[in-house]
Structures are given as structure tokens and as C-alpha cells.
Amino acid sequence: MGHFVIVGILVILMTVLTYIGLDAVGLATKMHKVVASAQAIPIDQLWHWEVIVISFLFSLIVVPMAYSLVVFRQKKGEMLDGEHMEGNSNLEIAWTVLPLITVVVFAYLGAYSLGEVRRIDPDAMVVNVKAQQFTWTFEYPEYGFFSTELHLPVDRQVVLKMESADVIHSFWVPEFRLKQDVVPGRVTEYRVTPILEGRYKVRCAELCGTSHAYMESAVIVDSPEAYTTWVTEQIKIAAESQTPEGQGKLLATKNGCVGCHSIDGSPLTGPTWFGLFGSTVTLADGSTVTADEAFITESILDPNATIVEGFPSPSVMPPYALTDEEIANLIAYIKTLK
Ligand code: CUA
């Protein structure tokens, strides 16, 4: 009996130590992390209880094993067989029933959390999301504009209707805790209720190509007032975009061009558009070319025709079958970037 008491105490001690250790590296509790959505709360709670049980199970296996190795070790000169034992019904019933209860309780907790996370608000706002190598584009169908940033009002459920233009991507905002794949050929839904104002980031969580690691966009949770201001601004910008430059800018946002081609000179996946038009571009083969209408048109329709120095060959950009008018609008927009 003495052995059981000692092992019991050691198991409890080890459970506490394991939990403290997991907590120290930020795996156990929600204390170290930002909780930015209503759905994150039941998920964090479930995780918290799971880590406690995981710590206990780990200890329950490791402690008796280590204890037996040390205490019941064969002594020097001891040549006898071990003590003969029949089964122990009580022990067998206990190790069948207790895990069964634990599993049933966690199945209930899991189903309950899933219900909380999937709770549908009929007044949820809709945003259409397009994922493509290697950008995110957000469409606000209520107002008819596109954005490269996802703005959401705080305390209102939003349902993202997500589509992919090419391969499988995955929409992941760590502070929301939820993650959803975006699969070509179907619309997947992501339902979230942001509860904390702030600036976050959506990261692509599915390896989707060479620039997968850079497939990020800003996710901003606004106060209701700030959100209204932003929407009003976007509507105004969309209304003003009747000029060729404006149409080109709209197209660049909608098609995700600006996810890879910066408009301020900063380095992204593709060459920047800032100061591009009329500049002299050095190509991968060392020759130079002037970035005029013909060069830009060719680069859109057939990205592999010429590779700009410092960028991978073959090009990571897919060809875009744009109309002559769309290309003219895009070029008009690029001309304004200087
Ligand atoms: Cu898109 Cu990884």
C-alpha cells in the first residue's frame, strides 16, 4: 500500500509540474494570448481542460514507470523470480470505466464548444473573400466595393464566404482561433464575432506555392463609428473611380495585383509599380528595357516572356487574360504611381 500512496503523491506533483511547464512555454492557458473573438472563448476553455488532463495522463504513465525502474530494480546477487500475481478485477474495472467517463465528458465538452463556435446569427454581415496566389481580396457585397484589408465592426457576427482562384489556401487569424481552408470550386464559410478592437493579420495556413509565407493581409476590428467612417470612405473612393486611373486601381485591388506589386516602392513578391512607368528595367539576362505600354502589356499577358532581374524564373505570376481596355486602365493607374 505504501508504494501506491507514494506513487499517487508523485503523480499529482508531476501533473502540477507538467502543467506549469506547458504554461511557461505558452501552451497551457489563454493568459498569454489575445482573445479577439467570441468563438475564441469556448475554444480556449476546452483547450485549458484538455491540457490539464494531458498533464495528468502523462504523469500517470511516466511516474509509475520511473518509480518501478528505480524501486523494484533487481538487487545485486538477487536471482529469484518475481512474485506471481493473478489479475486484479477492481483495477481492471477502474482503468476501463474512468477513461470511458473522461472520454464521454470530453465528447460532450467538444460538442458543446462546437455548438458555441458555430452559433449562427441571422443578422450576420457578409464579406466575400477571394484567395489566390498570393493575396487576399475582400468584397463588401452590401456596398459593392473591394478592399485589400479586411475591416470588421466589433461585436457583430460576420460570415466570410471564401473562394479560391487557384489552389487550396487557408484563412487563419490566430487571435480569432478559427481556421478554414479555401478550396477551389466551392465556397467555404468562416463565421466569427470579433470582440476586441485592434489590428490583426490573416495568414495563409496552407502551403500554396513559393510566396505562401508572404500571403498576409491586415484584419482590422473597428469600433462601429470607425467602421462606418471607413465604409463611407471606400464608397467615395469607388464612386470616384470612374476615370481610367480609378478603374485601373479598382482592377488592381480586385485582381489582387497589389498584393505582390507594391505601390510605394517596398519589396514584395513581384517588382514594385512605384515609378515603374517609363523607367529602365534590367532583365535577368542583363539586357535593359524601357517599361512602356508594350512591356507592361506583355508582362501581364505572358509573365514568362521577360523576367526582371532579381525575380524567380519561371515567373510565380500566372498570366492574366485582361481585355485591352482593362490593360489600358491598369497602365493609366501605374502611370500615377511616382
Ligand atoms: Cu495561400 Cu499559402
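The values are calculated or read from the model by the stated rules, or taken from the named source; none is laboratory data. These figures come from a predicted structure and were not determined experimentally. Heads up, the Cβs are rebuilt from the backbone with ideal geometry, glycines too, and the neighbour counts pull from every protein chain shown. Surface accessibility is based on the protein's heavy atoms, side chains included, excluding ligands, DNA and RNA. Shrake-Rupley method; radii C 1.70, N 1.55, O 1.52, S 1.80 Å.
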Worksheet item: What number goes with the only condition from (1) farther than 22 Å from residue 325 by Cβ; (2) assigned to a helix (DSSP H, G or I) that residue 282 does not pass?
Response: (2)
Worksheet entry | Top-ranked residue in segment 116-162 [being crowded, with 17+ Cβ neighbours inside 10 Å and among the hydroxyl-bearing types (Ser, Thr, Tyr); ranked as farthest from residue 233 (Cα to Cα)] | 135
Fill in: In segment 194-246, the residues that are β-branched (Val, Ile, Thr) and within 16 Å of the ligand (Cβ to nearest atom)
202, 210, 219
Worksheet item: Restricting attention to segment 153-167, which residues are modelled with pLDDT under 95 and among the basic types (Lys, Arg)?
Response: 156
Item to complete: Quick one: residue 280 ticks every box in (1) open to solvent by less than 80 Å² (accessible area, probe 1.4 Å); (2) free of Cβ contacts under 8 Å to residues at least 40 places away in the same chain except a single one, so which number is it?
Response: (1)
Worksheet entry | Of all residues in segment 126-162 being more than 17 Å from the chain's Cα centre (by Cα) and charged (D, E, K, R), the one that is nearest to the ligand (Cβ to nearest atom) | 139
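So which residues in segment 185-244 are of a type in the set (Gly, Ala, Ser) and either under 14 Å from residue 170 (Cβ atoms) or surrounded by fewer than 17 Cβ atoms within 10 Å (Cβ to Cβ) (or both)?
Result: 185, 198, 205, 209, 213, 217, 218, 223, 226, 239.
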Discussion item. Looking only at segment 163-175, how many residues end up being away from the ligand (no atom under 12 Å from the Cβ) and either within 9 Å of the chain's Cα centre (by Cα) or open to solvent by 60 Å² or more (accessible area, probe 1.4 Å) (or both)?
Written reply: 3
Worksheet item: Looking at segment 203-212, is at least one residue closer than 26 Å to residue 262 by Cβ, free of Cβ contacts under 8 Å to residues at least 40 places away in the same chain and acidic (Asp, Glu)?
Response: yes
Response to the item:
Within segment 98-144, residues more than 30 Å from residue 249 (Cβ to Cβ) and assigned to a loop (DSSP other than H, G, I, E, B) come out as 118, 119, 120, 121, 122, 123
Response to the item:
In the set 262, 299, the lone residue that is part of a loop (DSSP other than H, G, I, E, B) and not acidic (Asp, Glu) is 262
Worksheet item: Has segment 263-275 got at least one residue that is touching a Phe, Trp or Tyr at 6+ places or on another chain (Cβ under 6 Å) and open to solvent by 50 Å² or more (accessible area, probe 1.4 Å)?
Response: yes
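Count, please, the residues in segment 176-193 that happen to be among the β-branched types (Val, Ile, Thr) and either within 12 Å of the ligand (Cβ to nearest atom) or touching a residue at least 40 places away in the same chain (Cβ under 8 Å) (or both). Even if it seems obvious, please write down each step before you answer.
First, pick out the residues of segment 176-193 that are among the β-branched types (Val, Ile, Thr): 182-183, 187-188, 192-193.
Filter again for either within 12 Å of the ligand (Cβ to nearest atom) or touching a residue at least 40 places away in the same chain (Cβ under 8 Å) (or both), leaving 182-183, 192-193.
Looking only at that region, the number is 4.
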Discussion item. Exactly one of these conditions fails for residue 58: (1) touching a helix residue (DSSP H, G or I) at 6+ places or on another chain (Cβ under 8 Å); (2) open to solvent by less than 90 Å² (accessible area, probe 1.4 Å). Give me its number.
Written reply: (2)
